[in-house]
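K.L.:
Got a structure for you, written out below as structure tokens; questions coming shortly.
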Amino acid sequence: MLFDTIAAISTPIGEGAIGIVRLSGPESFGIVDKIFKANVDKLDWEDRKLKYGHIYDGDHLIDEVMIVKMYAPRTYTREDIVEINCHGGAVPLREILRICLREGARLAERGEFTKRAFLNGRIDLAQAESIMDLINSKTNKGFDIAINQLEGHLSNKINMIRSELIKIMAEVEVSIDYPEEDIEEITYDALGSGLENAALQIQNLLKSSNTGKIIREGLKTVIIGKPNVGKSSLMNVLLKDSRAIVTDIPGTTRDVIEEFLSVDGIPIKLVDTAGIRETEDLVERLGVEKSKSYFNAADLVIFMLNGAEPLSPEDHMLMEKVKDKPAIVLINKSDLEQKIELESISDIFSNEQIIMTSMSNESGIQQLEDEIKRLVFGIQIDQGNQEIVSNTRHIALLEIALKHINEALNATKQSLPYDFIEVDVKEAIVQLGLVTGESVASDLMQTIFSQFCLGK
Ligand SMILES: Nc1nc2c(ncn2[C@@H]2O[C@H](COP(=O)(O)OP(=O)(O)OP(=O)(O)O)[C@@H](O)[C@H]2O)c(=O)[nH]1
Ligand SMILES: [Mg+2]
């Protein structure tokens, strides 16, 4: 495929000591040859070797640079690519870009380098999306999943399921088109077991998606409890920072405080809330209302009690609300003399859910982190090389594909005519193809690539 030549600043502006302007396309080499003067002989360009020299705008010196030429097709976009390493300030980068544009390059659209890699067949769509996830990943685990997808594990898996379905479909079509011929017809049994196998594999992928989503977006974890039990102190201990104000005055936290942290690579969006109680204070009441709505939206609730006091009516009320959610109960202030009625708590919650903590001497934190990991990963803590689906678009497509396969399965079980089965199998194949970009519509592609930043 032939394209024009694009250029963009590929590094964030304003911070680094060096920055990179990147060009891709048939004119890339011609353009730099016009603006670059090498210190030694310019003719001995070698593939992928840095060359030192200067960029000029006519006679006017712009910057001292290192340039690398990469020859198609062994490049990111499979086109000729030039990277100009210049000084990282906004002025040299913009000036060099401006001259490249004047000499015939076009400013790249968002994600256009990666889009070319896809269009030129170097990567598939799921891999292109994983590059975006890689750039945006917040934690090690999220990074691992993106790398795994980039290596094509998810794409391979989906292509496997898809080609099995295509095989099934071919057999069905033969049976429809040549009913009189002496060709062995696919039996409903064989059809059924092929479809069941495909359904099972998609279900397994979808099962991984909950973990995938959490790893991508963070586990929404809300600390709730009566005023003064130590919620903000917990936030500070987990963050290893004095983020939230802590005082002995009940009602200190008036608004919610949100922070991002990582527990062994699991991203947690931690929310400290205003202690829940009946109050006349308008500001505090608004805070309490907000606490309640965060509570409702939480993936995980950390419910805190003060072990140095007997349970109050408010504690009982909160326990009733918490018991139907994924929750961990912390009985805090374990460094003080304990007055809380443990039996009432263990009547409602299981032993693993209840942890004694003290924010004063930071005890119980390891158990809390272990319990969070257990809840996120269930039994299997290490996902290893297993494919994890984390992208919302992929999840939606897999769900639709599964729905069609189940419908085809139903039709098979009732021995309905093959045409009824064929429609759904075909649709499932289309949906799976959309994950990797086998049959991608151009406006969808535009949306996906425009989520990239410029220069990617
Ligand atoms: N002895 C002891 N004191 C603690 C412990 N945790 C917190 N405190 C103290 O309890 C008081 C209240 O702590 P905060 O963290 O502000 O409590 P909170 O739940 O955020 O309170 P509100 O924001 O008012 O709802 C402070 O004086 C803390 O120093 C603990 O484990 N042991
Ligand atoms: Mg507080």
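The values are calculated or read from the model by the stated rules, or taken from the named source; none is laboratory data. Nothing here was measured: the structure is a model prediction, and the numbers come from that model. Methodologically, a virtual Cβ is constructed for each residue, glycine included, from the backbone with ideal geometry; neighbour enumeration extends over all protein chains shown.
K.L.:
Away from ligand 1 (no atom under 16 Å from the Cβ) and either closer than 19 Å to residue 376 by Cα or not assigned by TED's automatic domain parsing to the domain that holds residue 149 (or both) - does that describe any residue in segment 186-197?
P.N.:
No, segment 186-197 contains no residue that is away from ligand 1 (no atom under 16 Å from the Cβ) and either closer than 19 Å to residue 376 by Cα or not assigned by TED's automatic domain parsing to the domain that holds residue 149 (or both).
K.L.:
Given the options 352, 337, 341, 320, name the one that is of a type outside the set (A, V, I, L, M, F, W, C) and closer than 18 Å to residue 222 by Cβ.
P.N.:
320
K.L.:
List pairs: first in segment 248-259 and in the same structural domain as residue 230 (by TED's automatic domain parsing), second among the hydroxyl-bearing types (Ser, Thr, Tyr) and more than 9 Å from ligand 2 (Cβ to nearest atom), Cβ under 8 Å, 6+ apart or cross-chain?
P.N.:
These pairs meet every condition: 251/279; 256/291; 256/294.
K.L.:
For the subset of segment 420-443 comprising residues that are of a type in the set (D, E, K, R) and touching a helix residue (DSSP H, G or I) at 6+ places or on another chain (Cβ under 6 Å), which member is modelled with the lowest pLDDT?
P.N.:
The selected residue is 422.
K.L.:
Still on this structure, please answer the following. Do the conditions hold for residue 268, that is, is it surrounded by 22 or more Cβ atoms within 10 Å (Cβ to Cβ), away from ligand 1 (no atom under 16 Å from the Cβ) and assigned by TED's automatic domain parsing to the domain that holds residue 358?
P.N.:
yes
K.L.:
Tell me, which residue of segment 224-257 that is crowded, with 17+ Cβ neighbours inside 10 Å and under 26 Å from the mean Cα position of the chain (by Cα) is farthest from ligand 1 (Cβ to nearest atom)?
P.N.:
Restricting to residues being crowded, with 17+ Cβ neighbours inside 10 Å and under 26 Å from the mean Cα position of the chain (by Cα), the top hit is 238.
K.L.:
Looking only at segment 271-297, count how many residues are within 13 Å of ligand 1 (Cβ to nearest atom) and over 23 Å from residue 242 (Cβ atoms).
P.N.:
Within segment 271-297, residues that are within 13 Å of ligand 1 (Cβ to nearest atom) and over 23 Å from residue 242 (Cβ atoms) number 5.
K.L.:
Right, something else. Filter segment 319-369 for residues that are within 16 Å of ligand 2 (Cβ to nearest atom) and more than 33 Å from the chain's Cα centre (by Cα); which is farthest from residue 301 (Cα to Cα)?
P.N.:
360
Listed here are the residues, each with its yes/no results for (1) over 19 Å from residue 321 (Cβ atoms); (2) more than 16 Å from ligand 2 (Cβ to nearest atom); (3) among the β-branched types (Val, Ile, Thr); (4) at pLDDT below 85.
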position: 242; (1), (2), (3), (4): yes, no, no, yes
position: 258; (1), (2), (3), (4): yes, no, no, no
position: 265; (1), (2), (3), (4): yes, yes, no, yes
position: 274; (1), (2), (3), (4): no, no, no, yes
position: 279; (1), (2), (3), (4): no, no, yes, yes
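K.L.:
Taking only pairs six or more apart or across chains, which ones have beta-carbon atoms under 6 Å, a first residue in segment 357-374 that is under 21 Å from residue 247 (Cα atoms), and a second residue that is small (Gly, Ala, Ser)?
P.N.:
Pairs that qualify, where the first residue is under 21 Å from residue 247 (Cα atoms) and the partner is small (Gly, Ala, Ser), are 357/364; 358/334; 359/230; 359/233.
K.L.:
Here's a follow-up. Is it the case that some residue within segment 280-297 is surrounded by fewer than 19 Cβ atoms within 10 Å (Cβ to Cβ) and outside any helix (DSSP H, G or I)?
P.N.:
Scanning segment 280-297, I find at least one residue that is surrounded by fewer than 19 Cβ atoms within 10 Å (Cβ to Cβ) and outside any helix (DSSP H, G or I), so the answer is yes.
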